[in-house]
Structure formats: C-alpha cells, structure tokens
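Report on the following structure.
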Amino acid sequence: MVQARKSRTKSFGILTAGGDCPGLNAAIRGVCMAAAGRYGMKIIGIMNGFKGFLDESYRTLAPADYCGILTHGGTILGASREKPFDSVEKPGKIADDKVRIICEAYRKLELDCLVALGGNGTNTTASKLAREGLNVIGLPKTIDNDIVGTDLTFGFDSALSVGTDAIDRLCTTAQSHNRIIVIELMGNKAGWLALYAGVAGGGDIILIPEIPYDLKAIGRHLQRRAAAGKTFSVVVAAEGAMSVEEAQMEKKERKKYRKENGPSTAYRIAREINEQTGLETRATVLGYMQRGGTPSASDRLLATALGTAAADLLARGEYGRMVSVTGSGIGSVDLSVPEGKKRTVPADNQMLDTALAVETCLGVDF
Ligand code: F6P
C-alpha cells in the first residue's frame, strides 16, 4: 500500500459556485483524487455553491463520487449564484446573516479549508471569507476568461470551440442568402470569447465591450465588402457590446435603451445595422450552449492541473490563495488579487491587431 504523503490539511470542503462551465468536474476530480489519493485527506462536498452551507446540504465524498467524471459536463456538486455577503453588505434586504451561518457550518464540519471553484463572484466571496477567518483556496473557472490573477480560466477553451463552430455554420447560411447575421456570444462585461471565436471563425466584424462601436464605421465596412463582391457578413458580438452612444449613457439610461431595443444584444445590433445600411440582417443568440457539454482536451488538462495544484496547496497549508496560470506555468496568487475585479481585453492585446490585420472590423475606424 502506498503511504499517504504528509499534509497540513486533514479535511476540507469543496463547492462550485456561479455559472457552470465545461471542466468543473475535471477540476473536482483533480482536487479530490490528489487530495485523497496522495495525501489521505477527508473531503466534504458542499452542494449548490455557498447555498449548500445555508441549506445544510453537504456530505462526505468517496472516490466513487469523483472518479469517472473527467469528461462530464456540468458539476456533480451543483451550482448557484448565492452571494452570502449581500446579507451583510445590503442590510435590511436579506434577513439572515448568511456569512455567520457559513462560518458556523465550516466549524461544525471541522473543516481545515474550503476549496471554492468559481468565477469573479466566487473568488471575491472566497477572499472575503478568508478575511472572516476561514481558510479558503480558490480555483478560476469561467467561460468568460475574465479573472484577474490568471491568464486563463478553464471553460474558456470549450466555449471558444462551440462559438467558433457556430460562426462557421452561420457563415455558410449567410453566404447562401446574401445576409448579415449577428451572433451573440457570452462573456459578461469582457470580450475575450467574442474576440477569440471571432478571429477563429473568420468573423467579418467583431464587437466587444472594450471598444464601443460606431454604426457608421460598421456601415462603411459593409459597403467596402459589398464593393469587393462580398455580399454577406457575420458579425460576432459579445453580450456586453455597446455603441459609442450607449457608452456615454448613464447606467439607468442604458438599461432603459436596452429594454426598449431588446430582446438581446444581437437583436439590438441587427436592428441598428439594418436601419443604418438597409441590408437584410438576422440575429442568433448562442446562449447556454457555450456552458454545457464535455470539456475540450485543453480544458481537461488545465482543470486537472489546477485541481491537483490546489491539492498541493492544501497539503502545504497555503491558504488564502487562488491557483492560477501565467506564462511561467501553474502557480497561485493571493485571493485578494481577483477580488472585486474583472479582466477585460486590454487595448494592446495582440489578438486585436491580428483581427485588424485580416481585415476584420472592430466596430470603429482604425
Ligand atoms: O459568467 C458566465 C456567464 O455565462 C456569462 O457569460 C453570462 O453573462 C452569465 O454567466 C449568465 O448568467 P446566468 O447563468 O445567471 O444566466
């Protein structure tokens, strides 16, 4: 029998919170197999994110729970968007002090640490719980790839493939009908998914929140394409894309404009392009297709590597960290690094120039 290696952590809880993504099960498997197999740790699965603490929905995980799930979409632990700190930061709105309940449950379960797999919201909650005195380790997951402190999140590559495949399909039907088709990809307030899928799928126009678009510039680009005999176009729009006019609006005014011009970014932009150019324009919203299904090979590798790295942090008792990936490989950053922030596409990102070099319009004249 192989002797378990030394570990500072004897028992830990694990949860998945926020929107799900491909690779969550691969990461759970990575953490649990290494933590139990190499270090002999006891694992408590907390169901449905932080909500599991509030509902007392948790149980000990055995190898049968986390083996054989590498390729499965979704999360065996369930997920929710429960934000416990809302109960203290927005007093009066929520009756229970959820943070107190979570801290008490953590102690009752005799956990040495909590491993939280999630996006910006989850890692922010994890950092705040660490300030409340809990030992917490975060793992960066999201299709949006927008977490500060890591160059890559698992889930992004799988969603990128789904988005690229959809663009490929839309290109052929747009060409058959000489139409403009606007496809909306997720990404929250960041344009990573739209930019990368747009370049991979050869989108003719890519609109991301970081570069507010000018409808006149889009019209000029479509005219140039028409003059060159290209009578169709695919516009890849991030869900957070906005026009120059919208960017100048107050939040409330923008919300109202969007409500009146909905039902989504793609439909709004399709209508705007049609009004600007008179060209036949259709809209497609890819939505939750991007979050479901089996993870790509790259996401399986990244999720497994980050998961096993989290087990090593647990063993060394290095709490208050989020595992991360940078140019120098897998490492970790202090949990305060991603707290309350979003990693958007910087103006000097190489892929923006790549897009321009292959005559993709980014919504403005460059
Ligand atoms: O953060 C992942 C994400 O899929 C975003 O791209 C999107 O804006 C959001 O979640 C959708 O959230 P919900 O699952 O709450 O509809």
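The values are calculated or read from the model by the stated rules, or taken from the named source; none is laboratory data. Everything numeric in this text was worked out from a predicted model, so none of it was measured. No Cβ is skipped: glycine too gets one built from the backbone with ideal geometry, and neighbour counts run over all protein chains shown. Just so you know, the surface numbers come from the protein's heavy atoms only, side chains and all, with ligands and any DNA or RNA stripped out. Shrake-Rupley method; radii C 1.70, N 1.55, O 1.52, S 1.80 Å.
So the values come out like this:
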quantity: Globularity index of the chain, i.e. its alpha-carbon radius of gyration over 2.2 N^0.38 Å; calculated: 1.08
quantity: Global geometry of the range 226-300, whether rounded, prolate or oblate, following the gyration tensor of its Cα atoms and the 1.5 cut on a/c; calculated: oblate
quantity: Cα-based helix-to-principal-axis angle, 251-260 vs the chain, degrees rounded to 10; calculated: 60 degrees
quantity: Length gained when the stretch LYS6-MET289 is fully extended (0.36 nm per residue, less Cα-Cα span); calculated: 97.6 nm
quantity: DSSP beta bridge pairing in the chain, given as percent antiparallel to the nearest 5; calculated: 20 percent
quantity: Residues of the range 54-162: accessible area per residue with a 1.4 Å probe, Å²; calculated: 42 Å²
quantity: 5 angstrom amide H check on ARG8, placed H, neighbours 5+ away; calculated: ARG316, GLY317
quantity: Ellipticity estimate at 222 nm from DSSP helix runs (n ≥ 4, -39,500 (n - 2.57)) divided over the chain, nearest 500; calculated: -12000 deg cm²/dmol
quantity: With DNA, RNA and ligands ignored, accessible area of LEU170 (1.4 Å probe; Å², nearest 10); calculated: 20 Å²
quantity: Simple Cβ-charge dipole of the chain, Lys/Arg +1 and Asp/Glu -1, about Cα centre, in debye nearest 20; calculated: 720 debye
quantity: Modelled label reach - GLU318, point 7 Å along Cα→Cβ, the range 133-159 residues with backbone N closer than 17 Å; calculated: 135-140, 149-151
quantity: Label-point gap, in nm, between THR231 and ILE76 - each point 7 angstrom along Cα→Cβ; calculated: 5.5 nm
quantity: R0 of 35 Å, Cβ-Cβ distance ARG59-SER328: FRET efficiency to nearest 0.05; calculated: 0.40
quantity: Apportionment of accessible area to carbon and sulfur, the chain, percent (1.4 Å); calculated: 51 percent
quantity: Mean Cβ neighbour count within 10 Å, used as a protection proxy, ranking 190-198, 346-354, 71-79, 307-315 highest first; calculated: 190-198, 307-315, 71-79, 346-354
quantity: Segment ASP214-ASP168, length gained on full extension (0.36 nm per residue, minus Cα span); calculated: 14.0 nm
quantity: Pairwise label distance in nanometres, ASP97 with GLU132, each label 7 Å out on the Cα-Cβ vector; calculated: 1.0 nm
quantity: Pairwise FRET efficiency - SER298 versus VAL244, Cβ, R0 = 35 Å, nearest 0.05; calculated: 0.50
quantity: Angle between the chain longest axis and helix 98-108 axis [Cα atoms, degrees, rounded to 10]; calculated: 40 degrees
quantity: Cα-based shape type of the range 145-270, given that a ≥ b ≥ c are square roots of the gyration tensor eigenvalues and the cut on a/c is 1.5; calculated: oblate
quantity: Phi-based couplings in Hz for the range 117-133 (Karplus 6.51, -1.76, 1.60; Gly and Pro marked x); calculated: 9, x, x, 4, x, 5, 5, 5, 4, 4, 5, 5, 5, 4, 5, 7, x
quantity: Protection proxy ranking of 12-21, 42-51 - average other beta-carbon atoms within 10 Å, highest first; calculated: 12-21, 42-51
quantity: Angle between the chain longest axis and helix 215-227 axis [Cα atoms, degrees, rounded to 10]; calculated: 60 degrees
